[in-house]
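Notes to accompany the following structure.
The values are calculated or read from the model by the stated rules, or taken from the named source; none is laboratory data. What you are looking at is a predicted structure, and each value in this text was computed from that prediction instead of being measured. Counting neighbours? That spans all protein chains shown, and the Cβs are built from the backbone with ideal geometry, glycine included.
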Amino acid sequence: MLSLFPKLTAAHGLPRRQWLRMTAAAAVGSPVARAVWGADGDGGLSHRPTARHLISIFLCGGPSQPDLWDLKPEAPAGVRTVFEPIATTVPGIQMGSLIPRVAQHADKLAIIRSLTHDNNDHNFAIARSLLGQLPERVTEVHAARDDHPGIGAILNRLLGPVGDSPAWVVLPRPFTTYSPPYKGQSAGFLGPAWDPITLRKETKGSLTDAPVELDAIRLPEGVDTRRLHDRSVLARHLGTLRAAAGTPASEPLSVQRMEAAYGEAFDLVTASAARRAFDLDREPDRVRDRYGRNEYGQSFLLARRLVEAGVRTVNVFWTFFDTKGCQFNLWDNHGVASDVCGIDGQLTGVQQLTHEYCTPSFDRSFSALLEDLSDRGLLDETLVSVAGEFGRTPKINQWNGRDHWAHCYTQLLAGGGVRGGQVYGASDSQGAWVKDNPVTPDDYAATILHAFGLPPEAAVIHPTGRPVRITTGQPVTSLF
């Protein structure tokens, strides 16, 4: 269930005050800042970071930009949305009537309407989007140990540990479609020591109030914290005896990492702050209700709690499982000719978008997250990303839905130094092709890394010893 990261140095996580000092130092190119943030020499800050945390939300299936945030009200029937355009808090920016609460937070959002790539296949588009670049072997889409590292692993490797909190957490479970997890959800060639902690919520009942929790931090029956402490003391004692018996003083790196991972696991189980962060029962009912009593709302709320506790990167994957365990990538709103997962019989594309598992829950949960982060003073240092593997076609199909369209689509950024209330890029009059400022998934990933002070040429070290650039894209710096 868990993959824990080692602390390979004696460094502790940076508290907020020290983080602010270091960002100021980085702005003038301080070598001390570079030493702290790129401790292994693999990379360093090229500019002042604007983000300290990342919440990356992935809408599995590809959200419908013509119906949500790139409306074309002047387009002909069969292209323009059947939903009413509504005003937002930013003059000149409209959204679809499906997301009225999100529209009230447009002043916090950068709406990027010029995402583009060339593959309309779910599997390949997901792998590229999550990885932030084309896989080395483009026909392989599932996570492998020799992959390029995911963004969470890159940030962990180059920016260092974050104290007692895990550096990277995946909610509510890894993203799969009856398959192994897709690329971008592991540390790849950096090794399992840098993999995320992944929750494993049961694959059923996405709309139920089933708990979203980290079962692994619960102690086994019959083991209390005192007994766990005694076991830890015994383990250290055995290590001392092993050293006295002549075991080489310098353990292989693999052994060091394994022992460090055990230490990280022990910290997670015993550290009260880390355990509290995963405990949603500590939240008032009104807050849990505001986010929504399903796995989407509770995952968003847990993401806020984790960021508040110091976690650097949180991935949230939005797919759907019915009460029997049937999976449906609900944002993939083609409309269907036959029953899907036993939910509401035959669904048109419009019915899919308006079902509780889709835009009603997203509108509630995402607006609550933005509001909560802002009210708590966390949004300025937390970059929030809303993405999918592609968007939807301009043309409405026979089931009143829209099909796959990677050539021009929209993604959102908020917080973390990104200027809110702006639109970047543009689609043409029917939303079919990029008109201005194309942005690839590679550029989008580079933009996220840029927010943390990392330039595209920063590198992580491959097991063969060669440096590997952290991204193949170029950041959209004008968003900041």
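Would you please name the residue that is nearest to residue 62 (Cα to Cα), looking only at residues in the stretch 360-374 that are touching a strand residue (DSSP E or B) at 6+ places or on another chain (Cβ under 8 Å) and not aliphatic (A, V, I, L, M)?
So the first thing to find is which residues in the stretch 360-374 are touching a strand residue (DSSP E or B) at 6+ places or on another chain (Cβ under 8 Å), and the list is 362, 366, 369-370, 373.
From the residues that got through so far, the ones that are not aliphatic (A, V, I, L, M) too are 362, 366.
Numbers: 362: 14, 366: 17 Å.
The extreme case among them is 362.
Would you check which residues across the stretch 375-402 are touching a strand residue (DSSP E or B) at 6+ places or on another chain (Cβ under 8 Å) and among the polar types (S, T, N, Q) and list them?
Of everything in the stretch 375-402, those that are touching a strand residue (DSSP E or B) at 6+ places or on another chain (Cβ under 8 Å) and among the polar types (S, T, N, Q) turn out to be 382, 385, 393.
Listed here are the residues, each with its yes/no results for (1) surrounded by 16 or more Cβ atoms within 10 Å (Cβ to Cβ); (2) among the acidic types (Asp, Glu).
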position	(1), (2)
335	yes, no
351	yes, no
361	yes, no
367	yes, no
373	yes, no
377	no, no
381	yes, yes
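Taking the stretch 60-72 as the search range and keeping residues that are surrounded by fewer than 24 Cβ atoms within 10 Å (Cβ to Cβ) and within 15 Å of residue 95 (Cβ to Cβ), which one is farthest from the chain's Cα centre (by Cα)?
72
What is the number of the single condition among (1) without any contact (Cβ under 8 Å) to a residue 24 or more places away in the chain; (2) over 30 Å from residue 91 (Cβ atoms) that residue 397 does not meet?
(1)
If residue 14 satisfies all but one of (1) at pLDDT 50 or above; (2) under 22 Å from the mean Cα position of the chain (by Cα), what's the number of the condition it fails?
The single condition residue 14 does not satisfy is (1).
Only one of 211, 174 is surrounded by fewer than 20 Cβ atoms within 10 Å (Cβ to Cβ), of a type outside the set (Gly, Ala, Ser) and within 17 Å of the chain's Cα centre (by Cα); which? Talk me through it step by step, then tell me what you get.
On the way: 211 fails: within 17 Å of the chain's Cα centre (by Cα).
On inspection, the qualifying residue turns out to be 174.
If we scan the stretch 266-273, do we find a residue that is surrounded by fewer than 16 Cβ atoms within 10 Å (Cβ to Cβ) and either within 27 Å of residue 192 (Cα to Cα) or at pLDDT 60 or above (or both)? Let's see the steps before the verdict.
Initial filter on the stretch 266-273 (surrounded by fewer than 16 Cβ atoms within 10 Å (Cβ to Cβ)): 272-273.
Within this subset, residues satisfying the condition of being either within 27 Å of residue 192 (Cα to Cα) or at pLDDT 60 or above (or both) are 272-273.
Taking every residue of the stretch 266-273 in turn, at least one turns out to be surrounded by fewer than 16 Cβ atoms within 10 Å (Cβ to Cβ) and either within 27 Å of residue 192 (Cα to Cα) or at pLDDT 60 or above (or both).
Name the residue that is modelled with the lowest pLDDT, counting only residues in the stretch 134-189 that are over 23 Å from residue 308 (Cβ atoms) and of a type in the set (Lys, Arg).
137
Tally up the residues in the stretch 320-346 that are under 21 Å from residue 400 (Cα atoms), in contact (Cβ under 8 Å) with a residue 40 or more places away in the chain and in a loop (DSSP other than H, G, I, E, B), please.
Our first condition is that a residue be under 21 Å from residue 400 (Cα atoms); within the stretch 320-346, this holds for 320, 328-346.
Checking which are in contact (Cβ under 8 Å) with a residue 40 or more places away in the chain leaves us with 320, 329-337.
Restricting the remaining residues to those that are in a loop (DSSP other than H, G, I, E, B) gives 329-337.
Summing the residues that are under 21 Å from residue 400 (Cα atoms), in contact (Cβ under 8 Å) with a residue 40 or more places away in the chain and in a loop (DSSP other than H, G, I, E, B) in the stretch 320-346 gives 9.
Looking at the stretch 177-204, which of the residues that are among the polar types (S, T, N, Q) and part of a loop (DSSP other than H, G, I, E, B) is nearest to the chain's Cα centre (by Cα)? Give the steps one after another, and end with the answer.
From the stretch 177-204, those among the polar types (S, T, N, Q) are 177, 179, 185-186, 198, 203; that's our starting set.
Filter once more, so that each one left must be part of a loop (DSSP other than H, G, I, E, B): 177, 179, 185-186, 203.
Details: 177: 18, 179: 20, 185: 9, 186: 12, 203: 19 Å.
Taking the candidates together, the pick is 185.
State the number of residues belonging to the stretch 365-386 that are part of a loop (DSSP other than H, G, I, E, B) and small (Gly, Ala, Ser).
Quick first cut of the stretch 365-386, residues part of a loop (DSSP other than H, G, I, E, B) only: 376-378.
This time we only want the ones that are small (Gly, Ala, Ser), so: 377.
Matching residues across the stretch 365-386 total 1.
Restricting to the stretch 276-299, count the residues that are in a helix (DSSP H, G or I) and of a type in the set (S, T, N, Q).
Narrowing the stretch 276-299 to residues in a helix (DSSP H, G or I): 276-277, 280-282, 285-291, 295-299.
Subsequent filtering for residues that are of a type in the set (S, T, N, Q) retains 298-299.
Here the count works out to 2.
If residue 328 passes every condition in (1) closer than 22 Å to residue 152 by Cα; (2) among the aromatic types (Phe, Trp, Tyr); (3) at pLDDT below 90 but one, which one does it miss?
So the condition that residue 328 fails would be (1).
Quick check on the stretch 201-214: of everything there that is within 16 Å of residue 282 (Cα to Cα) and of a type in the set (D, E, K, R), which residue is modelled with the lowest pLDDT?
Looking at the filtered set, the residue picked out is 213.
If a residue has to be surrounded by fewer than 21 Cβ atoms within 10 Å (Cβ to Cβ) and of a type outside the set (Val, Ile, Thr) to count, how many in the stretch 137-164 make the cut? Outline the logic, then answer.
Start the filter on the stretch 137-164 by keeping residues that are surrounded by fewer than 21 Cβ atoms within 10 Å (Cβ to Cβ), which leaves 137-140, 142, 144-146, 163-164.
Of the ones still in play, those that are also of a type outside the set (Val, Ile, Thr) are 137, 140, 142, 144-146, 163-164.
Qualifying residue count, the stretch 137-164: 8.
Condition check ((1) over 28 Å from residue 67 (Cβ atoms); (2) out of contact with any strand residue (DSSP E or B) (no Cβ under 7 Å at 6 or more places or on another chain); (3) without any contact (Cβ under 8 Å) to a residue 12 or more places away in the chain; (4) basic (Lys, Arg)) across all residues:
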| site | (1), (2), (3), (4) |
| --- | --- |
| 143 | yes, no, no, no |
| 156 | yes, no, no, no |
| 159 | yes, yes, no, no |
| 169 | yes, no, no, no |
| 194 | yes, yes, no, no |
| 200 | yes, yes, no, yes |
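What strands (runs of 3 or more DSSP E) completely inside the stretch 82-170 contain at least 2 residues that are of a type in the set (Val, Ile, Thr)? Break it down into steps so the answer makes sense when it comes.
Values: elements: 85-87, 94-96, 109-115.
Hits in the stretch 82-170: 109-115.
Look at residue 167 and say whether it is buried (at least 20 other Cβ atoms within 10 Å of the Cβ) and more than 14 Å from the chain's Cα centre (by Cα). Spell out how you get there, then give the answer.
Numbers: buried (at least 20 other Cβ atoms within 10 Å of the Cβ): yes; more than 14 Å from the chain's Cα centre (by Cα): no.
The answer is no for residue 167.
Based on this model, can you work out whether residue 116 counts as without any contact (Cβ under 8 Å) to a residue 60 or more places away in the chain, of a type outside the set (A, V, I, L, M, F, W, C) and buried (at least 17 other Cβ atoms within 10 Å of the Cβ)? Before you say what the answer is, go through the steps one by one.
On the way: without any contact (Cβ under 8 Å) to a residue 60 or more places away in the chain: no; of a type outside the set (A, V, I, L, M, F, W, C): yes; buried (at least 17 other Cβ atoms within 10 Å of the Cβ): yes.
Here the answer is no, as residue 116 does not meet what is asked.
Just to be sure before I move on: is residue 352 modelled with pLDDT under 95 and either farther than 25 Å from residue 453 by Cα or not β-branched (Val, Ile, Thr) (or both) in the structure I sent? Steps first, please.
Values: modelled with pLDDT under 95: yes; either farther than 25 Å from residue 453 by Cα or not β-branched (Val, Ile, Thr) (or both): yes.
In short, yes.
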